[in-house]
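Peer 1: For reference, the structure I am asking about is given below.
Throughout, read-outs are computed from the coordinates displayed, never taken from laboratory work. These numbers come from a predicted model, not from an experiment. Counting neighbours? That spans all protein chains shown, and the Cβs are built from the backbone with ideal geometry, glycine included.
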Amino acid sequence: MALKETIENNIIVVLAAAVIASAGVTFAVVSYNNSEKLAHLEQSHDFEIKKMESELASIERDVPGIKHFDIRNLYVSNHATQTIDNNLNYFEDDNFYASISDKYWKYSKTSELGLAELIEGEKIDSSLLKKIAKSHPIHLWKASESFVMHGQEGRKNILFPYIVLQYLSYSSIEKLINIGISEARKHKDNTTDSNEKKMKKSVTKDNLRSAIKETFYNDITGTFFSFHNMLIFDMTMSIKNISIKVKKIQKIGDILYSQYVLKYSDIKVSGETTAVYIQHELMVIADRDGLYLIKIVLPSREPEVRADVYSKVNSWLASVKLLRN
């Protein structure tokens, strides 16, 4: 039977078949479009979830070149070191990786005393800093660019961008405490103030260690963070031409983060009376055996640090990997 006759003699069947076929094609097209939309929604949803997870695990640095810093990128398991970039340097004593290849930064292993002498531009005779320097080294990344700031009473400071990374184990923190007790006792022996003598008499290894167990070990990041900020605020209160602006304070997991600016007014730079701004970022990162400190210090004659300097900081920070069991 010819096709034309078949169609004419079976019009209902053909129409039904056509409708079914059409419905099938339509269903297939709609199903395909919906599956595409569904896949897109799932991808979009996954992206939004990952973005939200990243933001929840991130420090809001909000500096040129980076808004959020995902703290999960800081950690690498001891069993996954094969994933670490081969160009990074391993610092075995403190169990971390970081870059020392960027020519902008000059790396050295030094101490707080060594750093202070670089800033002062001369040797510093301090028995306390010398004791600390022997047992508590720091890793320093120092930029070559610098300028000289002349402050009150003719004091001179050489200012330069730098980053410090330091690890303090609980045992090394105890050494710091013992050094502090020793210095307090010396001061007690030399002072003539009866109230101060009475106060210093209460400083003993046992009662201080007891206080440390009750507060410090329970929240090592919070205690150190509070102590550091107390020193900064004390300094700004005691020197009239220094003011402080706190930009960020955040706690994400085991990390406490602060970002603040110290402004020095009526300072001379290159013979000109001006203001100097020093941007600070501090991360206090606790682990099972102690804590890591990352301090970023960026001086500038302008209220904001140059974007190219932050680019160098961001690259360095992205290279840091702290090993965890």
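Peer 1: Skipping prolines and chain starts, which residues have an amide H placed within reach, meaning under 5 Å, of the one on S58, given they are 5 or more residues away or on another chain?
Peer 2: For S58, the qualifying residues are I71.
Peer 1: Next up: Quick one: what are the phi-derived ³J(HN,Hα) couplings along the stretch 255-271, Karplus 6.51/-1.76/1.60 with θ = phi - 60°, whole Hz, x for glycine and proline?
Peer 2: 10, 10, 10, 9, 9, 8, 10, 9, 10, 9, 9, 6, 10, 9, 10, 6, x
Peer 1: What distance in nm separates the two pseudo spin-label positions at T274 and L293, each 7 Å out from Cα along the beta-carbon direction?
Peer 2: If labels sit at T274 and L293, their model points lie 3.0 nm apart.
Peer 1: Between H136 and residues 5 or more places away or on another chain, which pairs have amide H atoms under 5 Å apart, with H built 1.01 Å from N, and which residues are they?
Peer 2: Here nothing satisfies the definition.
Peer 1: Further, regarding this structure: Going by amide H atoms built from the backbone, whose H comes under 5 Å of the H on I252, apart from near neighbours?
Peer 2: Y257
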